[in-house]
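Please treat every number below as a calculation from the coordinates, not as lab data. Quantities reported herein were computed from a predicted structural model and do not represent experimental measurements. In this analysis, Cβ positions are derived from the backbone assuming ideal geometry, glycine residues included, and neighbour counts consider all displayed protein chains.
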Amino acid sequence: MKGIFLIIIIMLFTLNISMAGESEKDVYGYWKSFNMRTKKPEAIVKIYERDKKLYGKVVKLLPAKIKELKDMGEYPPLCKKCPGEFKNKPIIGLDFINDLKKEDGLWKDGKILDPETGKIYDVYIYLDKKNQDILKVKGCIFKPLCRTQSWERISEDDYTSN
């Protein structure tokens, strides 16, 4: 009887230790996004929840992107090619990720707007399994035709200091 009791105590202790190291992060917060072609950091995006749905907006452009836009005479940037309600809206502050719903650790059934082209895609967002400070943002024309970007988590302090 003592042996069974000891085994149960050891199992519970082991379970507690393994669960303590697995504090799962969520997708909310600030993320550094990168240009698909150049792989250079472009913007800081805030991912947040409203009415049980996920949204994302550009809260800051990084210096290299600002310089690029100024050199092209397009600063402050407007969503010139965007459709409908997004047309000619400032890109900074624009909710370009909209209406995602969470299902089994994946945020899906939402849309993402590419402010440079004005195109809207289906979007799926999830944390990288190996590194939860990497956000995977997968945009799809339709399910098999997708591209995935990896964004890096930054702290709110890093956001305000950049």
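Observations, loosely collected:
- Peptides 137-150, 87-100 ranked from most to least packed give 87-100, 137-150, packing being the mean of other C-beta atoms within 10 angstrom over each peptide's residues.
- Environment charge of Asp122, counting only residues whose C-beta is closer than 12 Å and scoring Lys/Arg +1, Asp/Glu -1: +4
- Each Lys or Arg adds one and each Asp or Glu takes one away; over the other residues whose Cβ falls under 11 Å from the Cβ of Glu42, this sums to +4.
- Formal net charge of residues neighbouring Glu68 (Cβ-Cβ distance under 10 Å; K, R +1; D, E -1): +1
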